[in-house]
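Engineer: Have a look at the structure that comes next, please.
The values are calculated or read from the model by the stated rules, or taken from the named source; none is laboratory data. This structure is a prediction, so every number in the text was calculated from the model and none was measured. Because the Cβ atoms are built from the backbone with ideal geometry, glycine has one as well, and the counts that use them run over all protein chains shown. Surface areas here come from the heavy atoms of the whole protein model, side chains and all, with no ligands, DNA or RNA. Shrake-Rupley method; radii C 1.70, N 1.55, O 1.52, S 1.80 Å.
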Amino acid sequence: MAAGLRETATAADVTARIVRVLHQQPEVSGVELARTLGMSRAAVWKHIEQLRALGYDIEAQQARGYRLAAVPDRLLPGEIQRRLHATRFGAEIAYRAETASTNEEAARLARAGAPEGTLVLAEHQTAGRGRLGRHWVSPRHTNLYASFVLRPPIPPGAAPQISLAAAVAVARALTAAGVPDVAIKWPNDCLLAGRKVAGILTEMDAEVDRVRAIVLGIGVNLNMSLKAFPAELRETATSVLHATGRRTDRIAFAAALCDTIEEVYDRFLEAGFGALVTEWETRSCLTGRVVTVDCGGRRTAGTVRGLDQDGRLVLDGSHGEERIVAGDVSIVDGYAAVRRPRARDNGRP
Ligand code: BTN
């Protein structure tokens, strides 16, 4: 295992074990906790203090012992892992209160040998990265900033399909969290009422014919208010809170995302991207719409027919059928909210 990850896992293991016991037993004495964990009561007390410092509300009563009264709104590995159904995704979690970019951190862990499914989570990113070199606005303690290490046995050219597949997983997780009308916009944005709520950035470490690792970075605007976005994004970006008026349990959402990513990824490896095309198209807001696509300097237009088995966008253009590998799509007559923010990208649908 990667050295950086081992440090995190060791610290997390201790707190996770205590938290597990506190979750299982409504009340547990210091003596019993010490016996279960094989440590002194003083050591238990020290760990309880550490958990309190993390925001756990742990009551201590002389006669009854410890009681877990409330869990903090923090993406703590133990809390996420106790909700996981996935077996690989999220099995290793590196948690950061703050980092430049979880993608950067995950790439570092991948180079050091971190296994597939390793997840980096941060409460705040100081240099969150979006597609095409843009910035991803990452306020503290409100959203999800997650990067997974993947090691797919695929040629480098197939890597964009991972982003497309991941959009399906994010849409599934949002839908399962009770968010209505989640739409995917090619290649991999998730929208609510025409505004961008989630973005995906995959970065690859590859040889000519072999992928060493892919970092799958996912940003989901969950509990941030519209005011927290920079002014230029306020008409094109959204959060689940803004769109639905409801706060999302970030811990439950992170666990659900591990589950849906693992399901979708396993299906992709088993049966190829083609097996996900129908679901992708069902969730897409582009099918049948007239769009323009900027393909790195070239601009094309047409009506979206759908997605082909390799993940290319199929357009009926003025010169017949076109298949687009990469580009930025705008809906011509669609959402009033589809506009181009100038500096930052969370809101660029
Ligand atoms: C996009 O431009 O739509 C992609 C945005 C991806 C943002 C996420 S947040 C977690 C991960 N870390 C990063 O620095 N970027 C991705």
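Engineer: Among the residues of the range 306-326, count how many are over 19 Å from Phe268 (Cα atoms) and among the small types (Gly, Ala, Ser). Spell out how you get there, then give the answer.
Structural biologist: Quick first cut of the range 306-326, residues over 19 Å from Phe268 (Cα atoms) only: 314-324, 326.
Retained after the next criterion (residues that are among the small types (Gly, Ala, Ser)): 317-318, 320, 326.
So the count comes out to 4.
Engineer: Output the number of residues of the range 115-125 satisfying the condition of being open to solvent by 10 Å² or more (accessible area, probe 1.4 Å) and either within 10 Å of the ligand (Cβ to nearest atom) or under 21 Å from Phe253 (Cα atoms) (or both).
Structural biologist: Keep residues of the range 115-125 that are open to solvent by 10 Å² or more (accessible area, probe 1.4 Å), which gives 115-116, 124-125.
Checking which are either within 10 Å of the ligand (Cβ to nearest atom) or under 21 Å from Phe253 (Cα atoms) (or both) leaves us with 116, 124-125.
Within the range 115-125, residues that are open to solvent by 10 Å² or more (accessible area, probe 1.4 Å) and either within 10 Å of the ligand (Cβ to nearest atom) or under 21 Å from Phe253 (Cα atoms) (or both) number 3.
For (1) under 30 Å from Val71 (Cβ atoms); (2) assigned to a strand (DSSP E or B), each residue gets a yes or a no:
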| position | (1), (2) |
| --- | --- |
| Leu174 | yes, no |
| Met204 | no, yes |
| Ala254 | yes, no |
| Phe268 | no, no |
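Engineer: Something else about it: Looking at the range 248-283, which of its residues are crowded, with 21+ Cβ neighbours inside 10 Å, among the hydroxyl-bearing types (Ser, Thr, Tyr) and either closer than 30 Å to Gly317 by Cβ or free of Cβ contacts under 8 Å to residues at least 60 places away in the same chain (or both)?
Structural biologist: None; the set is empty.
Engineer: Would a scan of the range 225-247 turn up a residue that is assigned to a loop (DSSP other than H, G, I, E, B) and free of Cβ contacts under 8 Å to residues at least 12 places away in the same chain?
Structural biologist: Among the residues of the range 225-247, at least one is assigned to a loop (DSSP other than H, G, I, E, B) and free of Cβ contacts under 8 Å to residues at least 12 places away in the same chain, which makes the answer yes.
Engineer: Continuing with this model, one more query. Select, from Ala107, Ala112, the only residue that is within 16 Å of the ligand (Cβ to nearest atom) and not acidic (Asp, Glu).
Structural biologist: Just one listed residue meets the conditions, Ala107.
Engineer: Given the criteria outside any loop (DSSP other than H, G, I, E, B), away from the ligand (no atom under 14 Å from the Cβ), more than 17 Å from Val120 (Cβ to Cβ) and not hydroxyl-bearing (Ser, Thr, Tyr), does Ala183 qualify?
Structural biologist: Values: outside any loop (DSSP other than H, G, I, E, B): yes; away from the ligand (no atom under 14 Å from the Cβ): yes; more than 17 Å from Val120 (Cβ to Cβ): yes; not hydroxyl-bearing (Ser, Thr, Tyr): yes.
Judged against the criteria, Ala183 is a match.
Engineer: Take the conditions in contact (Cβ under 8 Å) with a residue 60 or more places away in the chain, small (Gly, Ala, Ser) and open to solvent by less than 40 Å² (accessible area, probe 1.4 Å) and apply them to Ala171. Does it pass?
Structural biologist: Spelling it out, Ala171 is indeed in contact (Cβ under 8 Å) with a residue 60 or more places away in the chain, small (Gly, Ala, Ser) and open to solvent by less than 40 Å² (accessible area, probe 1.4 Å).
Engineer: When you go through Gly157, Gly133, Gly194, Gly178 one by one, which is the residue that is more than 11 Å from the ligand (Cβ to nearest atom) and without any contact (Cβ under 8 Å) to a residue 24 or more places away in the chain? Walk me through how you get there before you give the answer.
Structural biologist: Details: Gly133 fails: more than 11 Å from the ligand (Cβ to nearest atom); Gly194 fails: without any contact (Cβ under 8 Å) to a residue 24 or more places away in the chain; Gly178 fails: without any contact (Cβ under 8 Å) to a residue 24 or more places away in the chain.
Testing whether each residue is more than 11 Å from the ligand (Cβ to nearest atom) and without any contact (Cβ under 8 Å) to a residue 24 or more places away in the chain leaves just Gly157.
For every residue, the table says whether it meets (1) without any contact (Cβ under 8 Å) to a residue 40 or more places away in the chain; (2) within 22 Å of Lys196 (Cβ to Cβ); (3) over 30 Å from the mean Cα position of the chain (by Cα).
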site	(1), (2), (3)
Leu286	no, yes, no
Arg299	yes, yes, yes
Gly306	yes, yes, no
Gln309	yes, no, no
Leu313	no, yes, no
Asp316	yes, no, yes
Glu322	yes, no, yes
Val329	no, yes, no
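Engineer: Would it be correct to say that Leu222 is within 16 Å of the ligand (Cβ to nearest atom), in contact (Cβ under 8 Å) with a residue 24 or more places away in the chain, open to solvent by less than 10 Å² (accessible area, probe 1.4 Å) and in a loop (DSSP other than H, G, I, E, B)? Outline the logic, then answer.
Structural biologist: Working: within 16 Å of the ligand (Cβ to nearest atom): yes; in contact (Cβ under 8 Å) with a residue 24 or more places away in the chain: yes; open to solvent by less than 10 Å² (accessible area, probe 1.4 Å): yes; in a loop (DSSP other than H, G, I, E, B): yes.
In short, yes.
Engineer: Give the residue, chosen from Arg140, Arg96, that is modelled with pLDDT of 95 or more, away from the ligand (no atom under 13 Å from the Cβ), open to solvent by 30 Å² or more (accessible area, probe 1.4 Å) and among the charged types (D, E, K, R).
Structural biologist: One residue alone meets the criteria, Arg140.
Engineer: Among the residues that make up the range 32-52, is at least one of them modelled with pLDDT under 90 and assigned to a strand (DSSP E or B)?
Structural biologist: Looking through the range 32-52, none of the residues is modelled with pLDDT under 90 and assigned to a strand (DSSP E or B).
Engineer: Oh, and also: Keeping to the range 37-89, report how many residues are open to solvent by 40 Å² or more (accessible area, probe 1.4 Å), touching a Pro at 6+ places or on another chain (Cβ under 9 Å) and touching a residue at least 24 places away in the same chain (Cβ under 8 Å).
Structural biologist: Residues meeting the conditions: 3.
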